[in-house]
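A.B. asks: Below you will find the structure I want to go over with you.
The values are calculated or read from the model by the stated rules, or taken from the named source; none is laboratory data. All values reported here derive from a predicted model rather than from experimental measurement. Every residue, glycine among them, receives a Cβ derived from its backbone with ideal geometry; neighbour counts consider all protein chains shown. SASA here: full protein model, heavy atoms, side chains in, ligands and nucleic acids out. Shrake-Rupley method; radii C 1.70, N 1.55, O 1.52, S 1.80 Å.
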Amino acid sequence: PLLLFGAGSGGEGFFWSCASHAVATIGALHTIERCGPQRFADAARDLQGLLSAIEVGAEAAVETQAPVLVGGFGFDAEPARDAFWAGFPALRFVMPALALVQRDGASTLAGFAEVGAHASQAEARATLRVRLLGERERLLRHAGHEPDGGAARHFRVEADRSPAQFRALVEAARDAVAAGSLEKLVVARSMRVASREPIDVVSLLDVLRRSHPSCTTFAVRRGDRSFIGASPERLVRVRGRKVDVAAVAGSAPR
């Protein structure tokens, strides 16, 4: 999956890896973007329209568990105003061009192609088959190769506030909870790490995955911007009519 994710450098990419399976995609044939209080309902209607336009072959994406859409959304219904989140709207899902799924020791490569005025369904299928076979050969040829982390780099680290300022913030939060004006508050700090050289996102993902094998490692890439992380929480797992959650910081009642 990391090899496929890295192949789409500079474009759309998605990566998701946990103990049970891994998914990686590149490209974007179709995009769903929504914001506002009704963003989920609007996106659901968009999805239904998209699904009605999809024709699948003998090896359907649903049967191979390859994703039709990948993406995500923020807690806020509106896009973040912070420039750091430029390019990441309140809700965004894309139909990838290629997707690789690893589960139970098996790997499946799936793809989508658009049939339009300049390509018949047969031509689109033939083009997609050639691309899938070529990508499969490339992945097999490089299988087992470790991402190149490169030479040691120098970084500059900047905190958003001094230790004394953060201590004062923690004490203020504690006093507010004790006074009853707040029931729960998460006090956090942010940190900016700057490098003169480009940061290798694939190598960084590989380090996160190896350092935190019990976490879910993820990445959403849009051009030269990537949102990556390693989360210890299982937010939700759905199997048929059974839903499992383990949101450590969740505040919703049982």
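A.B. asks: Restricting the count to DSSP beta bridges whose residues both fall in the chain, what percent are antiparallel, rounded to a multiple of 5?
C.D. replies: Of those bridges, close to 100 percent are antiparallel.
A.B. asks: Regarding the chain, what's the average projected area of the Cα-atom convex hull, expressed in nm²?
C.D. replies: Answer in nm², one decimal: 18.1.
A.B. asks: State to the nearest 20 debye the size of the charge dipole of the chain about its Cα centre, where the only charges are +1 on K and R beta carbons and -1 on D and E beta carbons.
C.D. replies: The dipole of the chain has a size of about 480 debye.
A.B. asks: Then there is this: When the helices in the chain are scored as -39500 (n - 2.57) per DSSP H run of 4 or longer and the sum is shared across all residues, what 222 nm value do you end up with, to the nearest 500 deg cm²/dmol?
C.D. replies: That comes out to -9000 deg cm²/dmol.
A.B. asks: Okay, next question. Helix 163-179 versus the longest principal axis of the chain: what angle, 0 to 90°, nearest 10, using Cα atoms?
C.D. replies: 80
A.B. asks: Turning to a different aspect of this structure: Separation between the Leu204 and Glu158 pseudo-spin-labels, each 7 Å from Cα along Cα→Cβ, expressed in nm?
C.D. replies: So the label points at Leu204 and Glu158 sit 1.6 nm apart.
A.B. asks: Give me the accessible area of Glu78, 1.4 Å probe, in Å² rounded to the nearest 10.
C.D. replies: Only protein atoms counted, so the area is about 90 Å².
A.B. asks: Under a 1.4 Å probe, what is the accessible area of the stretch 151-205 per residue, stated in Å²?
C.D. replies: Accessible area per residue: 83 Å².
A.B. asks: Ranked highest first by average number of other Cβ atoms within 10 Å, how do 38-48, 210-220 line up?
C.D. replies: For the peptides 38-48, 210-220, the packing ranking is 210-220, 38-48.
A.B. asks: Would you mind checking which residues have amide H under 5 Å from Leu29's amide H? H placed 1.01 Å from N; only 5 or more apart, or other chain.
C.D. replies: Answer set, sorted by chain and number: Met95, Ala97.
A.B. asks: While we're on this one: How high is the relative contact order of the chain, given as a whole-number percent (alpha carbon pairs under 8 Å, six or more residues apart)?
C.D. replies: About 22 percent, as a whole number.
A.B. asks: Where Rh is the Kirkwood radius over the Cα pairs of the stretch 74-152, the temperature 4 °C and the viscosity 1.567 mPa s, what D in µm²/s does Stokes-Einstein return?
C.D. replies: In µm²/s, the coefficient is 78.
A.B. asks: How large, in percent, is the carbon and sulfur part of the accessible surface of the stretch 133-239 at a probe radius of 1.4 Å?
C.D. replies: 55
A.B. asks: Right, here's the next one. Taking the 0 to 90 degree range and rounding to the nearest ten, how far is the long axis of helix 39-52 tilted relative to the main principal axis of the chain, both from C-alpha atoms?
C.D. replies: Result, in degrees: 10.
A.B. asks: Give me the percent of accessible area attributable to carbon and sulfur for the stretch 1-128, probe 1.4 angstrom.
C.D. replies: Its accessible area is 56 percent carbon and sulfur atoms.
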